[in-house]
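Asks: What follows is a structure written as structure tokens; I'll ask about it next.
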Amino acid sequence: MDFEVRRDDLHACRFVEGAAHALDPGQALLEVDSFGLTTNNITYAVFGEAMSYWSFFPAEDGWGRVPVWGFANVAAAGDTDLPEGSRAFGYFPPSSELVVVPERIDERGFVDASPHRASLPSAYNSYALVDALPLYEKRFEEQQMLLWPLFFTSFLIDDFLGGEDLFGAGTAIVSSASSKTALSAAFLLARREGVGVVGLTSPNRVQFVEDLGVYDHVVGYPDVPSLPAAPAVYVDIAGDSAVRSAVHGHFGDELRHSAVVGATHWEAPADESGEALPGPQPEFFFAPDHVRRRSADWGREELDRRVAEAWKPFVEWAGGWLKIKRGKGPDAVQSAYLELLDGRTNPAVGHVLSL
Ligand SMILES: NC(=O)c1ccc[n+]([C@@H]2O[C@H](COP(=O)([O-])OP(=O)(O)OC[C@H]3O[C@@H](n4cnc5c(N)ncnc54)[C@H](OP(=O)(O)O)[C@@H]3O)[C@@H](O)[C@H]2O)c1
């Protein structure tokens with residue numbers, strides 16, 4: 001069964017039952033066990049066309065399958081060397097099954113070499129077998145599917161900003177401060193000597209964000225002008241042009257770098273004024289590019305080791321406040337998706353779903 005959404009109307013959803021097919025030579029069948037759903041997946045849908053997110057898991061014309069992160073079991077290895085019954089972590093369709101063409105198989109995992117995925121960023125085509133995955137702990141499976149891809153991005157943001165010495169600034173301002181990506185970034189940035197972390201969030205979420213204790217200071221979006229206009233970098237996870245203008249307008253040249261990371265406020269009106277913002281022009285931060293850069297610097301194994309080391313204290317901390325909401329079957333998947341699409345999800349909740 002597949003969960004599909006209309007590419008031109010993300011509120012229109014349907015479930016499609018596919019017919020069972022025999023595996024072709026070189027193919028293996030994975031049974032998708034469960035997956036996490038957060039606003040990150042909504043952003044995949046919003047940028048489905050522009051960033052090719054629809055291309056990973058094709059659907060009928062006009063429809064798309066929003067990629068998700070989760071776990072699957074190898075149900076049939078076909079003529080491949082994939083160990084049947086092994087458990088894989090990675091990028092899946094919101095479906096009950098996925099047929100892959102596993103290549104570069106070793107004890108750590110494999111790559112899906114399906115022809116339609118060949119031109120897509122390789123970071124999304126690799127699957128890790130959990131038995132050899134350093135960060136994997138059975139008790140944190142749900143946290144892993146919800147938080148790991150976001151934490152990984154935030155690790156790279158923290159590494160990037162730290163490597164640049166925060167562009168000479170002492171403060172990192174993070175928007176959509178209640179999001180899991182922002183909280184991961186704040187958790188890591190707060191550990192850096194001499195770095196203050198300021199969270200920007202919706203007024204009704206200020207208290208929740210403050211109580212988590214990872215930001216030095218939290219303000220609602222309307223209160224940006226109350227911040228001291230000292231040298232700062234902006235990590236923009238909301239992607240809201242009005243908030244971005246307020247930050248750039250208030251900090252001006254004191255803003256030393258402006259990184260566009262997310263677009264949680266996907267329905268906020270775009271800035272069509274065509275005017276350049278005060279301060280540095282925003283630069284898009286695309287995690288796979290930084291994975292490639294750090295893999296070249298350190299080697300992929302060393303990168304994975306460093307992220308796994310940073311992950312452990314984070315997941316212990318997040319395990320203390322993240323409330324897992326489990327759902328099974330089409331209704332649960334659709335209602336969690338629509339709740340996230342409309343921004344109605346309590347940020348303390350993480351949806352773990354299964355078809
Ligand atoms: N560039 C990359 O490589 C990369 C990698 C990972 C994630 N990201 C991006 O980071 C962002 C955060 O993802 P996440 O999964 O961490 O989010 P999340 O935890 O689900 O975030 C929830 C928060 O996002 C805001 N929000 C969500 N939907 C909204 C809506 N419809 N309208 C207004 N606000 C809404 C609210 O925060 P506030 O009230 O605090 O604004 C809400 O509390 C996504 O856009 C994601 O794509 C980018």
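Asks: Only one residue in PHE15, PHE35, PHE57 is buried (at least 19 other Cβ atoms within 10 Å of the Cβ) and away from the ligand (no atom under 16 Å from the Cβ). Which one? Show your work before the answer.
Replies: On the way: PHE15 fails: buried (at least 19 other Cβ atoms within 10 Å of the Cβ); PHE35 fails: away from the ligand (no atom under 16 Å from the Cβ).
After ruling out the rest, the residue left standing is PHE57.
Asks: I need the full set of residues from the range 271-303 which are touching a residue at least 60 places away in the same chain (Cβ under 8 Å) and in a loop (DSSP other than H, G, I, E, B), in order please.
Replies: PHE285
Asks: Follow-up question, since we're still on this one. Among the residues of the range 203-222, count how many are within 13 Å of the ligand (Cβ to nearest atom) and surrounded by fewer than 19 Cβ atoms within 10 Å (Cβ to Cβ).
Replies: Summing the residues that are within 13 Å of the ligand (Cβ to nearest atom) and surrounded by fewer than 19 Cβ atoms within 10 Å (Cβ to Cβ) in the range 203-222 gives 7.
Asks: Could I ask something else about it? From the list GLY70, GLY62, which one is touching an Asp or Glu at 6+ places or on another chain (Cβ under 9 Å), modelled with pLDDT of 95 or more and farther than 24 Å from GLN27 by Cα?
Replies: Exactly one residue qualifies, and that residue is GLY62.
Asks: Go through the range 107-126 and count every residue that is open to solvent by 60 Å² or more (accessible area, probe 1.4 Å) and either under 21 Å from GLU301 (Cβ atoms) or among the aromatic types (Phe, Trp, Tyr) (or both).
Replies: Here the count works out to 3.
Asks: Somewhere in the range 52-59, is a residue assigned to a loop (DSSP other than H, G, I, E, B), touching a Pro at 6+ places or on another chain (Cβ under 6 Å) and closer than 30 Å to LEU322 by Cα?
Replies: yes
Asks: Right, here's the next one. Name every residue in the range 160-181 that is within 13 Å of the ligand (Cβ to nearest atom) and over 21 Å from PRO225 (Cα atoms), in order of residue number.
Replies: PHE160, SER179, LYS180, THR181
Asks: For the range 300-344, which positions are open to solvent by less than 20 Å² (accessible area, probe 1.4 Å) and hydroxyl-bearing (Ser, Thr, Tyr)?
Replies: TYR337
Asks: I'm told LEU156 meets every condition in (1) in contact with a strand residue (DSSP E or B) (Cβ under 7 Å, 6 or more places away or on another chain); (2) crowded, with 17+ Cβ neighbours inside 10 Å; (3) among the hydrophobic types (A, V, I, L, M, F, W, C) except one. Can you identify the failing condition by its number?
Replies: That leaves (1) as the condition not met.
Asks: Sticking with this structure for a sec: Can you name the condition, by its number, that LEU183 falls short on among (1) over 19 Å from VAL291 (Cα atoms); (2) at pLDDT below 95?
Replies: With respect to (1) over 19 Å from VAL291 (Cα atoms); (2) at pLDDT below 95, LEU183 is out only on (2).
Asks: Does the range 193-202 include one or more residues that are surrounded by fewer than 20 Cβ atoms within 10 Å (Cβ to Cβ) and within 12 Å of the ligand (Cβ to nearest atom)?
Replies: Looking for residues that are surrounded by fewer than 20 Cβ atoms within 10 Å (Cβ to Cβ) and within 12 Å of the ligand (Cβ to nearest atom), one finds at least one in the range 193-202, hence yes.
The values are calculated or read from the model by the stated rules, or taken from the named source; none is laboratory data. In this text the structure is predicted, and so the values were computed from the model without any measurement. Glycine also receives a Cβ, built like all others from the backbone with ideal geometry; neighbour counts cover every protein chain displayed. Surface accessibility is based on the protein's heavy atoms, side chains included, excluding ligands, DNA and RNA. Shrake-Rupley method; radii C 1.70, N 1.55, O 1.52, S 1.80 Å.
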